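The structure appears right after this line, and notes come after that.
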Amino acid sequence: MLSFFKKKTADNEGEYAEVKEAAETKSRKKKDKSDFSEISDKSVKEIERSFIPFDTLLSRVQQHMAENYAVELYEADKKDMMKRLIKQYMKDNNYYVPNMTLGEVADKLYIEMAEYSILTPWLLRKDIEEININGWDDVEIIPAKGARFKAEHFKDAGHLVDVLKRLLHHNHITWDSSKPIATGFLGSNIRVTAGYTDICDNARGACASIRIVNPSKITREQFIESGMVSEEEYDFLVTCFIHGVSQCYAGETGSGKTTIMADIMSNYPNNKRLITLEKSVREFDLVKRDENGNVINDVLHLVTKETDDPARDVTLAKLLTMCLTMHPNSICVAEMKNEEAWQAQEAARTGHTVLTTTHASSTHQIYTRLATLCLQAHSLPLDTILSLVTEAFPIGIYLKQLDDGSRHIMEIAECIQGEKGKYETRTLYRYDIIDEVRNPDGTARIIGKHVKVNPPTENFMKRLRDNGVPKDKLEIYGRV
């Protein structure tokens, strides 16, 4: 009896437990159902906060920074502080971007907000010469060596305009519909020329050409090893420059004319005064120092200055007029595009050695190009101006970048004057293309060599001899 009672009681308790558990489960399900929308909303919110699209995060971080910090935070020396604040904001809000670490996201956000977005990595590289932007969806990179290629593009037209405005901001330049064309400089070696949407395809946004001057020094040996110039050609150009023969280097943009000219100038004697003139930004750095940091040569670098009032602009022509009163032995005009050509040829014909560059497609066309530029300053007869410029620049050098990306001095010529503006160019050295080979990847490889074509004329050799060129060098130049 007792055993039965105990069994029954246990059965009742078991039934009670089952009923109780069932009731609790039902209650729990009911509660879960009533709270389902709240739990679902919370889960969605947590997922959104954990995995946020980069563009959404960028917008929120920009708003956070604008509301809580001063614009000075965007200055270069505050870079580390700004990145720390970005990281802290992401941690506080539990924000994450898929497949990126917190540090990588902070770096990318900083580049977008304070630097130049997709352009920043290319602007920092020393092997890139030019970035051409044809629209928000077309960014082309031109390397120092090799073929050009397409790079990652902008998000949209607005993104491109925003980044270009940031690039030009350092120059305090107005760039909008009222002034759709602007040229600015970033640091000492990057030139930015931008066109606003009004003069471009509106759907693709703005356009720009960004020219990067490689700050690294290229040595004489590297020029020769790369095939840009032969050893004798290099020595000939240096000898002419040191001994008072003015020269004009011609070629397309990117052909290497300024680079080789700068290296030729680096050979100038320390006891002679050299003044260089450049437009808006200084690219040359020809100052030499000893082991203690003391300057040992006599070089002055000058640059032009543009203002809102054209009458107050400091142009190349004005710099040329000024530097002629500063007793230079040699003058370099980085590039002649306008009326400064007149002052340059005047300086070259009055005892100064002048080096310069211009855009022309051959050595022969150098002189008609210079004459055309001189006409901007004086309306003399063309044959008169041609007589002046051919006298001023006895040596013309033409450079070209070939299909395989290599650069070569294609021709060095002596200009021989004739009567009434007539002239001829006598080829002294030439780069002969022997063959073009196609690589398996479809790119080209040019095979060629530098050859000596003619010796200088007797009049030119006499000039070199009178200016102190050693006999052994004259013998080399006189041989073919």
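The values are calculated or read from the model by the stated rules, or taken from the named source; none is laboratory data. It should be emphasised that the depicted structure is a prediction, and the values quoted were computed from it without experimental measurement. Note that each Cβ is placed from the backbone with ideal geometry, even for glycine, and that neighbours are counted across all protein chains shown.
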Original post:
Within the bounds of segment 433-449, is there any residue that is surrounded by 11 or more Cβ atoms within 10 Å (Cβ to Cβ) and closer than 28 Å to Glu391 by Cβ?
Top reply: no
Original post:
Using beta carbons and a limit of 7 Å, which pairs, at least six apart or on different chains, have the first residue in segment 120-135 and outside the structural domain of Glu283 (by TED's automatic domain parsing) and assigned to a loop (DSSP other than H, G, I, E, B) and the second one surrounded by 18 or more Cβ atoms within 10 Å (Cβ to Cβ) and modelled with pLDDT under 90?
Top reply: Asp127/Ala144
**OP:** Please work out which residue is surrounded by the most Cβ atoms within 10 Å (Cβ to Cβ), limiting yourself to segment 145-182 and to residues that are under 17 Å from the mean Cα position of the chain (by Cα) and over 20 Å from Trp122 (Cα atoms).
**Re:** Ala182
Subject >> Test result for Ala348, touching a strand residue (DSSP E or B) at 6+ places or on another chain (Cβ under 7 Å) and either surrounded by 20 or more Cβ atoms within 10 Å (Cβ to Cβ) or outside the structural domain of Lys400 (by TED's automatic domain parsing) (or both) >> reply: yes
Original post:
Limited to segment 183-207, what total is found for residues that are more than 26 Å from Asp285 (Cβ to Cβ), of a type in the set (S, T, N, Q) and surrounded by 14 or more Cβ atoms within 10 Å (Cβ to Cβ)?
Top reply: 1
**OP:** Could you tell me which numbered condition Arg463 fails, if it satisfies all but one of (1) closer than 22 Å to Thr357 by Cα; (2) at pLDDT 95 or above; (3) of a type outside the set (A, V, I, L, M, F, W, C)?
**Re:** (1)
Original post:
Residues that are within 30 Å of Val451 (Cα to Cα): which strands (runs of 3 or more DSSP E) entirely in segment 166-276 hold 2 or more of them?
Top reply: 247-250
**OP:** Please state which one of Glu225, Glu231 is within 26 Å of the chain's Cα centre (by Cα), over 19 Å from Asp298 (Cβ atoms) and either surrounded by fewer than 21 Cβ atoms within 10 Å (Cβ to Cβ) or of a type in the set (A, V, I, L, M, F, W, C) (or both).
**Re:** Glu225
Subject >> Looking only at segment 367-394, and only at residues there that are closer than 16 Å to Leu355 by Cβ and in contact with a Cys (Cβ under 6 Å, 6 or more places away or on another chain), the one that is surrounded by the fewest Cβ atoms within 10 Å (Cβ to Cβ) >> reply: Pro394
Original post:
Do you know which of the residues in segment 83-134 that are buried (at least 18 other Cβ atoms within 10 Å of the Cβ) and of a type in the set (Gly, Ala, Ser) is modelled with the lowest pLDDT?
Top reply: Ala114
**OP:** Would you confirm whether any residue within segment 412-423 is closer than 21 Å to Thr259 by Cα and in contact with a Leu (Cβ under 9 Å, 6 or more places away or on another chain)?
**Re:** yes
**OP:** Scan segment 425-474 residue by residue and report those that are touching a Cys at 6+ places or on another chain (Cβ under 8 Å) and either β-branched (Val, Ile, Thr) or over 20 Å from Phe236 (Cα atoms) (or both).
**Re:** Thr425
**OP:** Only one of these is without any contact (Cβ under 8 Å) to a residue 24 or more places away in the chain and out of contact with any Phe, Trp or Tyr (no Cβ under 7 Å at 6 or more places or on another chain): Asp92, Asp107, Asp138. Name it.
**Re:** Asp92
Original post:
Which members of segment 319-358 meet the condition of being touching an Asp or Glu at 6+ places or on another chain (Cβ under 7 Å) and not polar (S, T, N, Q)?
Top reply: Leu320, Val333, Ala334, Arg349
**OP:** Please tell me if Glu72 is modelled with pLDDT under 80 and in a helix (DSSP H, G or I).
**Re:** yes
Original post:
Can we say Leu186 is at pLDDT 85 or above and within 21 Å of Thr120 (Cβ to Cβ)?
Top reply: no
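May I ask you to verify whether Val451 is among the β-branched types (Val, Ile, Thr), assigned by TED's automatic domain parsing to the domain that holds His352 and under 26 Å from Ser255 (Cβ atoms)? Spell out how you get there, then give the answer.
Working: among the β-branched types (Val, Ile, Thr): yes; assigned by TED's automatic domain parsing to the domain that holds His352: yes; under 26 Å from Ser255 (Cβ atoms): yes.
It is true that Val451 is among the β-branched types (Val, Ile, Thr), assigned by TED's automatic domain parsing to the domain that holds His352 and under 26 Å from Ser255 (Cβ atoms).
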Original post:
When you go through Ile173, Ile142, Ile118, Ile212 one by one, which is the residue that is farther than 30 Å from Phe284 by Cβ and in contact with a strand residue (DSSP E or B) (Cβ under 9 Å, 6 or more places away or on another chain)?
Top reply: Ile118
**OP:** Taking the options Asp466, Asp435, name whichever one is without any contact (Cβ under 8 Å) to a residue 60 or more places away in the chain, acidic (Asp, Glu) and within 22 Å of Arg148 (Cα to Cα).
**Re:** Asp435
